[in-house]
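Input: a single structure, listed below in structure tokens.
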Amino acid sequence: MDQLDDILNQDIDPTETREWMDSLDAVIQHDGTERAHFLLERMVDSTRRSGGYLPFNPTTEYVNTISPSQEAKSPGDAAMEWRIRTLIRWNAMAMVVRANRKPGELGGHIASFASSATLYDVGFNHFWRAASADHPGDLVFHQGHSSPGIYARSFLEGRLAEDQLDLFRMEVVGKGRALSSYPHPWLMPDYWQVPTVSMGLGPIQAIYQAQFFKYLEHRGLVPKSDRKIWCFLGDGETDEPESLGAISLAGREGLDNLIFVINCNLQRLDGPVRGNGKIIQELEGSFRGSGWNAIKLTWGSYWDPLLARDTKGVLRKLMMETLDGEYQACKAFGGAYTREHFFGKYPETREMVANLSDDDIWRLNRGGHDPHKVYAAYHAASNTKGMPTVILAKTVKGYGMGAAGESQNPTHQQKKLDEEAVRHFRDRFQIPISDDKLKDVPYYHPGKDSPEVQYMLERRKALGGFLPQRRRKAEAKLKAPELAAFEQITKGTGEREISTTMALVRGINLLLRDKQLGERVVPIVADEARTFGMEGMFRQIGIYAPFGQKYKPQDSDQLLYYREDQKGQVLQQGISEAGGMASWMAAATSYSISNQAMLPFFIYYSMFGFQRIGDLCWAAGDMRSRGFLIGGTAGRTTLNGEGLQHEDGHSHLMAGTIPNVKSYDPTFSYEVAVILQDGTRRMMQEQEDIYYYITVMNENYSHPDLPQGVEDGIIKGMYLFKDAGKPKKGEPRVQLLGSGTILREVIAAAELLEKDFGVTSDIWSCPSFTELRRDGFDAERWNRLHPEAEQRVPYVTSLLDGRQGPAIAATDYVREYADQIRAFMPDGMHYTVLGTDGFGRSDTRAHLRDFFEVDRYWIAHAALAALAKDGKMNAKDVSRAIKEYKLDPDRPNPLSQ
Ligand SMILES: Cc1ncc(C[n+]2csc(CCOP(=O)(O)OP(=O)(O)O)c2C)c(N)n1
Ligand SMILES: [Mg+2]
């Protein structure tokens, strides 16, 4: 900016400048601003071509993008809408204040919704369509902590009762009637559609939802429509990398079904967002630079006459120079202060307001509080073609809270208004509540037949129904293929060696061939399709490209070339796990949001999943997503050469923290098949609100046939892989457990034990220690609560009970993973757990498994040590194992390495 100003200010020939400006004014007068813009672009082009250096300026003046003459006029009844809005404001405030007068520190926010009430109202009254027979419905992402305002509207509409408002944030005692703190589909499954309150997750999700809407249309799964996604976010929220991190995708793909509304109240929680700068200008630059249509909505109508008189541009200059910190102070300190410290800066501007009272100055409103301007901005955004739109609405945080919080730094957390503050609020918004009732801060409902409520209902009827509203299940009944359809992967591979990744990709291909589900499969990658052997899909089902493939791909002469297509089925999201996950969430909630059940598979490096994008995974659970997350190249010692940052030994623990995630670490191809089939059945056919996390590996080995009758055990998390039979008298016996690639080391350890020490082993494959733990704790809990009933036996206990010897488990994950079932060992059965605790590193698999002490030798040694502890063998046997297997007893614990 400074550089540009310098250049612009070096006027060496003012007369010539005047002549040019006069010509330009004439063009604007006669042919309009578009023509003027065209001419200017041509001149800029010409100057650049002649070698001139023109600094790029991504921002425009600090005034409304839409000039008063271009504003679309709202068809609404402005006075009526004002009254409705005041009632909503009041009830939202009352809900929070009442909640905080009860014991229990329930919290809540007043100031944020106070700043955005108008922004929501205009949308609800005029723009947002509910899903109906005539329209698929718009999708609105609300700022999470503005939820009281949304509830207050539903209360007036008669959707929520008064007792429910008093159950705001009391979801335990409120059972199904309570109102959740923030938008949580898990807790209000008929109401909220998208969780947003973890800052940044709303905007990134909105972008990928918008992309997915287009994907569904391009693939012919839904008819084309003018359906929109509206995403509200805070200006402070834009600090989050997720908020702005994917905006270039929306620009690149021309997502004109997407509208961001950024509530620029210039404050976040602690204080100003950009006290020393201007957040609206900064965001305008970022969004315009990313191909968005940026609509600034800075000033309300009261400013129009002043701006019209600003022929010399002094007011505009002042507006541009004034920092956000100063703007905030003006709203906090009032009209007299603003006259002095803002208008007073230049004689011209001081003069401009000489005839205005301090109250008039105070009333000069910001754009986001002017329903006429908001309507015009929304109208323009809705009609924008070929690009997404961001509306940068300037507002006042704590609007209407007066001395209790308006524009004040601590206002975000103000939730306990005293009687004086409540009175002020009532007076400012003319709420018909008498003085004697004020102390209770009662809710106010004007009655079902009141003009206000009738008006609201009529508006919603015209727009297809109430919002927010969530669909629990897709209408279409789908059927999952039987396990027989997966025969290709339930059968053993004989001599041929494959990885579980290959088995899984085959499984996806089998699903792709299913008549009903095939078109619903959505493979999603974050630039790693080749890593997982999925490049065959490029040619076969194509990569989604909204504008098709406009170039001849380098490998076009090859069978499996890089084929991009408008109807492509694979979503290639580039190197963005957050993007891949948000894209997966869009597909995984399509059953609800678009009434189109889809079956997404997002395949990524397991290390870059729950660890890197865990908060999205959590939100996906809240949102009742259905689909498969596939952690590829998993296992700390299985992905061997990549080293510390790639080798995952803990994603299963993180997956296990999400209540509705089923996670599995399969070893054999048939295990993959069983999990895949059952998951597809539960999610697509039964429409259960669960999602799956499956780790797959890149180690090749041969796979046996599906043994008889193990399907149920695979799903429950454990089955007997090899039964050593009844032990002969005196024969030492152990129970060996394992999962993933390390189960194969377990199997090899059993051979060593038998050959070298005469110890026999029952071998258990445990595809999910997490499912086992859940089952065990559930049984324990039930038993405690039903002390006199027949006691339930945890599944693990039921399998191991009566088996002999100690149990030893080994996996490619940290010890905590297999340790989850310790509590359910039968009485007297000791349990030893081996795992890959510590930082990974690059080396061969054999070296790594030795280093982490999870290979066959270490497993055999652990088994012997356990037998010795049980008195079934003696210490000398353990020493012999250490010696023969060349285990270094004095080396440090890998955890500390
Ligand atoms: C990831 C994350 N970090 C922190 C918070 C806590 N938090 C809630 S609201 C808020 C301030 C929001 O400011 P802004 O985005 O400007 O919204 P406003 O309330 O001003 O409209 C913060 C820090 C959160 N919800 N999510
Ligand atoms: Mg803010």
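Computed from the Cβ-Cβ distance with R0 of 51 Å, the FRET efficiency linking Trp20 to Tyr561 stands at 0.45.
Set the bar at 25 Å for Cα to Cα. Now go through Lys312/Lys385; Lys312/Lys345; Lys394/Lys448 and name every pair that lies beyond it. Going by Cα-Cα distance, Lys312/Lys385; Lys394/Lys448 fall outside the 25 Å limit. Positive-end ranking of Phe56, Gly108, Pro68 along the dipole of region 47-141, with charges on Cβ about the Cα centre, is headed by Gly108. Which of the chymotrypsin sites (Phe, Trp or Tyr not before Pro) across region 352-438 are loop residues per DSSP, with 13 or fewer other Cβ within 10 Å? Sites meeting the loop and neighbour criteria: none at all. For the chain, the residue among Ala860, Met581, Gln209 whose Cα projects farthest onto the positive side of the dipole built from Cβ charges is Ala860. Rounded to two decimals, the Cα radius of gyration of the chain over 2.2 N^0.38 Å is 1.11. The modelled label-to-label distance between Lys224 and Asp756, using points 7 Å beyond Cα along the C-beta direction, is 7.0 nm.
Compared with the rule-of-thumb size 2.2 N^0.38 Å for a compact globular protein, region 81-130 has a Cα radius of gyration ratio of 1.33. Taking all protein chains as they are arranged and a probe of 1.4 Å, the heavy atoms of Trp20 leave approximately 150 Å² accessible to solvent. Across the options Gly609, His786, Ala634, the greatest Cα extent toward the positive end of the charge dipole of the chain (unit charges at beta carbon of Lys, Arg, Asp, Glu) belongs to His786. Per residue, the chain exposes 42 Å² of solvent-accessible protein surface, assessed with a 1.4 angstrom probe and all protein chains in place. Ligands, DNA and RNA left out, the 1.4 Å accessible surface of the chain is 50% carbon and sulfur atoms.
Mind checking the angle between helix 875-884 and the chain's longest principal axis? C-alpha axes, 0 to 90 degrees, to the nearest 10. Roughly 70 degrees, rounded to the nearest 10. Arg496 sits with roughly 130 Å² accessible to a 1.4 Å probe, with DNA, RNA and ligands left out of the calculation.
Kirkwood radius and radius of gyration were both taken over the C-alpha atoms of region 753-897, and their ratio Rg/Rh is 1.02. Applying 1/(1 + (r/R0)^6) with R0 = 22 Å to the Cβ-Cβ distance of Trp782 and Arg177 gives a FRET efficiency near 0.20. Distance between the modelled labels on Gln29 and Ser132, one decimal in nanometres: 4.9 nm (7 Å Cα→Cβ projection). Only helices enter this figure: runs of n ≥ 4 DSSP H residues, each worth -39500 (n - 2.57), summed and divided by the residues of the chain, yield -11500 deg cm²/dmol at 222 nm to the nearest 500.
What's the angle, to the nearest 10 degrees (0 to 90), between helix 33-49's Cα axis and the longest principal axis of the chain? Helix 33-49 and the main axis of the chain meet at about 70 degrees.
Helix 78-99 and the long axis of the chain differ in direction by around 50°, with both axes built from C-alpha atoms. Here the dipole of the chain is about 1780 debye; that uses its Cα centre as origin and unit charges on the Cβ of Lys and Arg (positive) and Asp and Glu (negative). Each Lys and Arg adds +1 at its Cβ and each Asp and Glu adds -1 at its Cβ; summed about the Cα centre, region 611-754 shows a dipole of about 340 debye.
Each label point was placed 7 Å from the Cα along the Cα-to-Cβ direction; for Asp77 and Lys550 their separation is 5.0 nm. For Lys491, the lysines whose Cα comes closer than 28 Å to its Cα, not counting residues fewer than 8 places off in the same chain, are Lys479, Lys515, Lys662, Lys716, Lys722. Taking all Cα-Cα distances within region 172-281, those exceeding 18 Å account for 60%. Using a Förster distance of 60 angstrom, determine the FRET efficiency expected from the C-beta separation of Asp843 and Ser248, and round it to 0.05. After rounding to 0.05, the efficiency reads 0.95.
The loop-placed GluC sites (Glu not before Pro) in region 26-132, going by DSSP, that have at most 12 neighbouring Cβ atoms within 10 Å of their Cβ come out as Glu105.
Charges were assigned to the Cβ only: +1 to each Lys and Arg, -1 to each Asp and Glu. The resulting dipole of region 495-601 about its Cα centre is roughly 360 debye.
Its residue count N fixes a reference of 2.2 N^0.38 Å for region 104-170, and the Cα radius of gyration divided by that reference is 1.24. Exposure check, 1.4 Å probe, all protein chains in place: Asp436 carries approximately 110 Å² of accessible surface.
Qualifying trypsin sites (Lys or Arg not before Pro) in region 139-248, where qualification requires a DSSP coil assignment and no more than 11 other C-beta atoms within 10 Å, comprise Lys224.
The values are calculated or read from the model by the stated rules, or taken from the named source; none is laboratory data. Just so it is clear, the structure is predicted and the values come from calculations on it, not from any experiment. As a convention, Cβ positions derive from the backbone with ideal geometry for all residues, glycine included, and neighbour counts pool all protein chains shown. Surface accessibility is based on the protein's heavy atoms, side chains included, excluding ligands, DNA and RNA. Shrake-Rupley method; radii C 1.70, N 1.55, O 1.52, S 1.80 Å.
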